[in-house]
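Asks: Dumping the structure here so I can ask a few things about it.
The values are calculated or read from the model by the stated rules, or taken from the named source; none is laboratory data. Values in this document were obtained by computation on a predicted structure and should not be read as measured data. Heads up, the Cβs are rebuilt from the backbone with ideal geometry, glycines too, and the neighbour counts pull from every protein chain shown. Note: areas computed on protein heavy atoms with side chains; ligands, DNA, RNA excluded. Shrake-Rupley method; radii C 1.70, N 1.55, O 1.52, S 1.80 Å.
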Amino acid sequence: MSSSDNLIIFDTTLRDGEQSPGASMTRDEKVRIARALEKLRVDVIEAGFPIASEGDFEAVKAVAETIKDSTICGLARALDKDIERAGEALKGANAGRIHTFIATSPIHMEKKLRMTPDQVVDQAVKAVRKARDYADDVEFSPEDAGRSEIDFLCRVLEAVIDAGARTVNIPDTVGYAMPHQFGGLIGQLRERIPNADKAVFSVHCHNDLGLAVANSLAAVRNGARQVECTINGLGERAGNAALEEVAMAVRTRQDLFGCDTRLDTTQIVSCSRLVSGITGFPVQPNKAIVGANAFAHESGIHQDGVLKHRETYEIMRAQDVGWTHNRMVLGKHSGRNAFRARLAEIGVTLDSEEELNAAFSRFKDLADKKHDIFDEDLQALVTVATLDAANERVKLLSMKVCSETGETPDAEVVLSVDGEERRGNATGGGPVDATFRAIESVVQTGTTLKLYSVNAITSGTDAQGEVTVRLEKAGHVVNGAGADTDIVIASAKAYLNAVNKLARPRDRAHPQLGDV
Ligand code: KIV
Ligand code: ZN
């Protein structure tokens, strides 16, 4: 495939995705996601914003040192200190990229940066030159390009390409653009900028009006050859363009786009589950490509059509994006090798033999409670929340809940807090409420419950329930996830997962709030 037929996928789940409230990830979680993205054959992984905090720096460094087949990118404002820090974090990368940015819209320049347009051009050029001291591969973004003046964009972009930017990324930072207009903008920039052929044009669209994917695709039709996107569309506010939607649109409609990605799309569903499990952001059932209903046919007419000829109602094959059709894969008598082999088939590799042994023992417990074990059940057994539960400060040892018609539900929990056994009791409006209060009586976080949701992982009354909770304390938001065939136990696990995340340090700078 010639370079103009190749659409570069730049995944920013670990950077912009992490800017979703409550989605912050640890270094190890980022490395796990980066490995899955590498397996998906993502071209560029934006691993974080190294100047934001020591934790962000360490995470970018660890991803850079681990990943071999994708370029690793670090974000930096157009400031020397940011660029130096990004260069340092990327030292161990096989292929590293520095992504530097400064705002170019009148409102951002005047109200946020308090800089003149001339100063912005000057700073952008200096930043790109400085970044080239650390990496050959430098990307520049004029932040809020969607609301910038086209003449000014042409001026800045020509200057940064001359200074050595190999990729120029056009962000619709606030999700304001409309597809025909945004596509037109990309076409005009490519036509008007004299040295446009020296750089790859990229886009980065936010989803405030639900148009991030449509805007990205309109840009591809007009010659953009890199799309910045995230798994499940995670990201600041309403999120970014969903990687899975962009990738499957260009693959399914090659007649329109004339380009394709190098992704192994069969890894999409497992990546989606991994990101959802780590961040605690559930995927809505009707979400394109990765939602539980994305390939489910409910109406009799549709089912009949699909059985006669699949393409009557399906434009993609479920297995091409990694769905395995609720296959009953393992049962009570399955052994460790079959368990390990099936995990590998669904794209899950555990880090150590201990993790495998612990997961296998959870599988045996589940097989005692549930007759048919599906791939979805296996995925839930190895979510990060489950894997990490054994190493957390606060662990659930046991619990008992009484719920009876006409009586107030009460719950008793036994927790291990830093290795010490602690008991808590409480009553509540329902069994879940009583459980959360019982846990709070021990851990006393003083948080507010902002969201509680339960999803059945598979069908059937013996299905595992997957619970998500969101807790908030003084502006610090965390999500927790947990799964069990008993939804009250799943709820307790999810609550504790969130409580453990609350304890993690969070003093980090936000890239777009910075002073330049
Ligand atoms: O939305 C945005 O403008 C960004 C930039 C840093 C590219 O995330
Ligand atoms: Zn963004």
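Asks: Can you name every residue in region 1-42 that is away from ligand 1 (no atom under 16 Å from the Cβ) and aliphatic (A, V, I, L, M)?
Replies: The answer is Met1, Leu7, Met25, Val31, Ile33, Ala34, Ala36, Leu37, Leu40, Val42.
Asks: Inspect all residues belonging to region 154-164 and state whether any of them is within 14 Å of ligand 2 (Cβ to nearest atom), open to solvent by less than 20 Å² (accessible area, probe 1.4 Å) and under 30 Å from the mean Cα position of the chain (by Cα).
Replies: no
Asks: Give the residues of region 100-117 that are out of contact with any Ser or Thr (no Cβ under 7 Å at 6 or more places or on another chain) and closer than 16 Å to Ala76 by Cβ, sorted by residue number.
Replies: Those that are out of contact with any Ser or Thr (no Cβ under 7 Å at 6 or more places or on another chain) and closer than 16 Å to Ala76 by Cβ: Thr100, Ile102, Ala103, Leu113.
Asks: Check Glu440, Glu407, Glu421 and return the single one that is acidic (Asp, Glu) and open to solvent by less than 60 Å² (accessible area, probe 1.4 Å).
Replies: That would be Glu440, the only listed residue that is acidic (Asp, Glu) and open to solvent by less than 60 Å² (accessible area, probe 1.4 Å).
Each row is one residue, and each column tells you yes or no for (1) open to solvent by less than 10 Å² (accessible area, probe 1.4 Å); (2) within 12 Å of Asp11 (Cβ to Cβ); (3) in contact with a helix residue (DSSP H, G or I) (Cβ under 9 Å, 6 or more places away or on another chain); (4) within 15 Å of ligand 2 (Cβ to nearest atom).
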position: Asp208; (1), (2), (3), (4): no, no, no, yes
position: Val220; (1), (2), (3), (4): yes, no, yes, no
position: Arg237; (1), (2), (3), (4): no, no, yes, yes
position: Ala242; (1), (2), (3), (4): yes, yes, yes, yes
position: Glu245; (1), (2), (3), (4): no, no, yes, no
position: Thr266; (1), (2), (3), (4): no, no, yes, no
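Asks: Taking the conditions exactly as written (open to solvent by 40 Å² or more (accessible area, probe 1.4 Å), of a type in the set (D, E, K, R) and over 19 Å from Gly277 (Cα atoms)), does Glu466 satisfy them or not?
Replies: No; evaluated as a whole, the condition is false for this residue.
Asks: Among the numbered criteria (1) open to solvent by 20 Å² or more (accessible area, probe 1.4 Å); (2) in contact (Cβ under 8 Å) with a residue 40 or more places away in the chain; (3) among the charged types (D, E, K, R), which single criterion is violated by Glu54?
Replies: All conditions are met except number (2).
Asks: Looking at Ala64, Ala76, which is the one that is among the hydrophobic types (A, V, I, L, M, F, W, C) and out of contact with any Gly (no Cβ under 7 Å at 6 or more places or on another chain)?
Replies: Of the residues listed, the single one that is among the hydrophobic types (A, V, I, L, M, F, W, C) and out of contact with any Gly (no Cβ under 7 Å at 6 or more places or on another chain) is Ala76.
Asks: Failed condition for Arg225, given (1) in contact (Cβ under 8 Å) with a residue 60 or more places away in the chain; (2) touching a Phe, Trp or Tyr at 6+ places or on another chain (Cβ under 7 Å); (3) within 16 Å of ligand 2 (Cβ to nearest atom), with all others met?
Replies: Status for Arg225: all satisfied but (3).
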